[in-house]
Protein chains: 2
Amino acid sequence: MSNHTSFTNLNVVCLAGGVGGAKLADGLARILPPQNLTIVVNTGDDFQHLGLTICPDLDTVMYTLGQVANQETGWGRSGESWRTITAAVELGGADWFRLGDLDIATHLVRTQLLQEGQSLTAVTRHLCHHFHIQPAVLPMSDQPAPTHIESDGVIYPFQTWFVKERWQPPIHKIHLPEDVRATPQVTARLEKADLIIIAPSNPFVSIDPILNAYPIRPIIEDLPRAVVAVSPIIGGQAVKGPAAKMMEEMGMAVSATAVADYYGDLIDGFVYDAQDAGLLEGSDLASLCVDTIMRTPADRARLAQDVLDFALELT
Amino acid sequence: MSNHTSFTNLNVVCLAGGVGGAKLADGLARILPPQNLTIVVNTGDDFQHLGLTICPDLDTVMYTLGQVANQETGWGRSGESWRTITAAVELGGADWFRLGDLDIATHLVRTQLLQEGQSLTAVTRHLCHHFHIQPAVLPMSDQPAPTHIESDGVIYPFQTWFVKERWQPPIHKIHLPEDVRATPQVTARLEKADLIIIAPSNPFVSIDPILNAYPIRPIIEDLPRAVVAVSPIIGGQAVKGPAAKMMEEMGMAVSATAVADYYGDLIDGFVYDAQDAGLLEGSDLASLCVDTIMRTPADRARLAQDVLDFALELT
């Protein structure tokens with residue numbers, strides 16, 4: 001790739017939620033030296049279930065970067081089995097959140113280390129080490145920072161709305177907790193970041209919770225040379241998950257343009273899919289229109305390369 | 001069995017630890033109406049591991065009465081698999097306590113219900129219901145009551161000594177916690193008990209912790225018509241586990257007689273194995289010498305019948 005810039009000395013921070021974020025993070029990890037890449041992950045989805053501390057977005061990022069993610073389901077580990085959860089349901093345990101036997105191992109080790117007093121940051125570092133992941137994967141915060149979804153007067157914990165209710169109750173309001181603090185590790189990485197990449201994750205329940213952890217948003221507004229977001233909306237639809245439905249219910253247009261408008265002044269550039277070619281032409285915002293769907297590992301690396309090249313042009 | 005007494009109106013409480021206690025409890029459950037049988041189980045072995053609350057003796061009793069116990073290992077469930085613990089060890093989890101995939105389901109459900117504020121008694125009732133167990137299985141206490149083993153100046157949590165150290169460090173002292181209270185459910189069952197049966201469990205680390213939960217010992221000393229213990233020592237050896245080794249290290253003779261002496265005035269009768277025939281002849285203590293080894297379910301029922309017949313003669 002001789003026509004591409006060398007990224008050796010570029011510090012890149014990627015803000016990521018679940019599947020889409022994990023795939024772009026994996027693409028970046030295939031290109032950048034590990035010491036230059038930081039993935040800051042949403043923990044607003046985290047919850048307690050069957051006595052375990054479960055961090056769905058951290059797990060998706062870890063499993064994806066660790067090359068053990070289940071490609072079919074989009075969550076959990078490959079080669080998964082279901083003996084424990086089946087037995088737990090027979091003992092009256094909840095059946096709405098499917099925990100695989102391999103996946104449970106992650107939650108057991110995490111829960112034990114947290115109970116022993118380690119921070120979620122330290123526990124994640126421990127797990128990443130064992131998954132042979134070299135870039136820094138950082139939870140946005142070591143505090144619990146649960147996202148809640150309000151619908152018809154009911155306030156759902158995020159996973160209850162997302163998994164148990166299959167994200168069907170219409171969204172009236174998203175509640176993010178006040179006074180969430182980013183970790184010092186996240187703050188330090190952001191302060192020396194040259195580029196911030198906002199992954200094609202849900203802007204409202206994956207990216208906003210990260211920006212809500214103080215001082216992530218003001219640092220991103222002030223410091224880096226360039227901030228680039230990748231649209232999770234393609235052809236008026238979400239690649240995966242409830243983003244499009246949420247936009248409709250919040251009275252927004254369902255389009256890549258609306259996502260760019262939502263990020264507003266926070267971003268310096270926007271990447272959207274070739275299916276939407278021409279959509280941002282004439283906009284004041286710098287944009288890149290390329291194939292953004294990541295079906296294969298090669299797709300991830302290609303998109304990561306395109307995003308990095310575009311971001312560097314902006315600086 | 002026309003030559004046997006009817007036990008319809010007899011309230012029986014069995015004090016039990018792990019394997020031996022569970023087998024005799026199962027024998028009693030095959031004979032007595034379920035509403036007349038209570039099994040009070042040692043919780044001194046309980047501990048936290050991989051974020052889970054594990055109650056080894058309660059689990060052995062439940063799995064045995066639920067007919068899902070692993071007959072080969074003497075612990076855990078039959079048809080067990082090991083995917084989760086194998087994956088947890090790969091993630092740096094401890095490898096010394098083997099948790100099967102089915103077994104973990106029990107711990108997950110228990111841990112969740114405890115975290116939700118239910119008592120161990122209520123959680124055990126919930127689990128027993130799902131294992132189709134009809135007699136009352138009661139933890140001796142709802143408080144944590146951890147047994148510790150002192151050896152050469154080191155004080156081990158019980159499972160660390162028992163499983164991790166394979167009960168090899170010589171015992172210098174057994175530490176039972178002060179101020180442990182029996183549950184009201186245990187107290188109520190003991191107060192209306194006609195017979196108390198002390199199962200062939202370890203007197204020092206299975207039965208003593210139960211007696212140590214106030215007011216179990218004084219109730220047993222005062223109230224029931226008869227208290228009968230079954231020897232866990234046969235031919236100078238423990239059927240299973242460290243009882244014989246502990247007796248040696250505490251300077252006791254290793255014999256059924258020494259067990260009877262250890263229980264002393266607490267018991268009205270003593271059942272010991274045919275291999276030790278004649279051992280308690282001439283003793284002031286009423287005794288029954290029969291085959292006490294329980295290889296099959298029929299053996300369990302036969303021993304239970306023998307013990308009940310013998311106990312009734314004493315009243």
Conditions (1) touching a residue at least 60 places away in the same chain (Cβ under 8 Å); (2) on the phi > 0 side of the Ramachandran plot; (3) within 12 Å of chain A (Cβ to nearest Cβ); number of the one not met by B:His49: (2)
Pairs, first more than 27 Å from B:Leu65 (Cβ to Cβ) in the stretch B:76-89, second crowded, with 20+ Cβ neighbours inside 10 Å and modelled with pLDDT of 95 or more, C-beta under 6 Å, six or more apart: B:Ala87/A:Leu102; B:Ala87/A:Ala105; B:Ala88/A:Ala105; B:Ala88/A:Leu108; B:Ala88/A:Val109
Elements of type helices (runs of 4 or more DSSP H) contained in the stretch B:192-275, each with 3 or more residues being closer than 20 Å to B:Arg181 by Cβ and touching a residue at least 12 places away in the same chain (Cβ under 8 Å): B:208-211, B:216-222
Of all residues making up the stretch A:64-93, the number that are at the interface with chain B (Cβ under 9 Å from one of its Cβ atoms), in a loop (DSSP other than H, G, I, E, B) and of a type in the set (Gly, Ala, Ser): 3
Within the stretch B:93-119, tally of residues that are over 25 Å from B:Ser141 (Cα atoms), modelled with pLDDT under 95 and touching a strand residue (DSSP E or B) at 6+ places or on another chain (Cβ under 8 Å): 1
The stretch B:287-315: number of residues that are in contact with a Leu (Cβ under 6 Å, 6 or more places away or on another chain) and under 15 Å from B:Asp268 (Cα atoms): 3
Scope the stretch A:15-37; condition assigned to a loop (DSSP other than H, G, I, E, B) and either within 14 Å of chain B (Cβ to nearest Cβ) or of a type outside the set (D, E, K, R) (or both); matching residues: A:Gly17, A:Gly18, A:Ile31, A:Leu32, A:Pro33
Selection count, the stretch A:126-148, where residues are crowded, with 16+ Cβ neighbours inside 10 Å and within 18 Å of the chain's Cα centre (by Cα): 16
Flag for B:Asp265 being out of contact with any strand residue (DSSP E or B) (no Cβ under 9 Å at 6 or more places or on another chain) and under 24 Å from B:Leu211 (Cα atoms): yes
Subset of the stretch B:112-137 (residues that are more than 9 Å from chain A (Cβ to nearest Cβ) and over 15 Å from B:Asn42 (Cα atoms)): B:Glu116, B:Gly117, B:Gln118, B:Ser119, B:Ala122, B:Val123, B:Arg125, B:Cys128, B:His132, B:Ile133, B:Gln134, B:Pro135
From B:Val61, B:Val109, B:Val40, residue being part of a strand (DSSP E or B), of a type in the set (A, V, I, L, M) and either crowded, with 24+ Cβ neighbours inside 10 Å or more than 13 Å from chain A (Cβ to nearest Cβ) (or both): B:Val40
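One line per residue, one yes/no per condition, for (1) touching a His at 6+ places or on another chain (Cβ under 6 Å); (2) of a type outside the set (S, T, N, Q); (3) within 23 Å of A:Lys23 (Cα to Cα):
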site	(1), (2), (3)
A:Asp45	no, yes, yes
A:Ile54	yes, yes, yes
A:Val68	no, yes, yes
A:Glu80	no, yes, yes
A:Gly92	yes, yes, no
A:Thr106	no, no, yes
A:Ser119	no, no, no
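The values are calculated or read from the model by the stated rules, or taken from the named source; none is laboratory data. As the structure is a computational prediction, the values presented were derived from the model and not from experiment. Cβ atoms come from the backbone with ideal geometry, glycine included; neighbour counts cover every protein chain shown.
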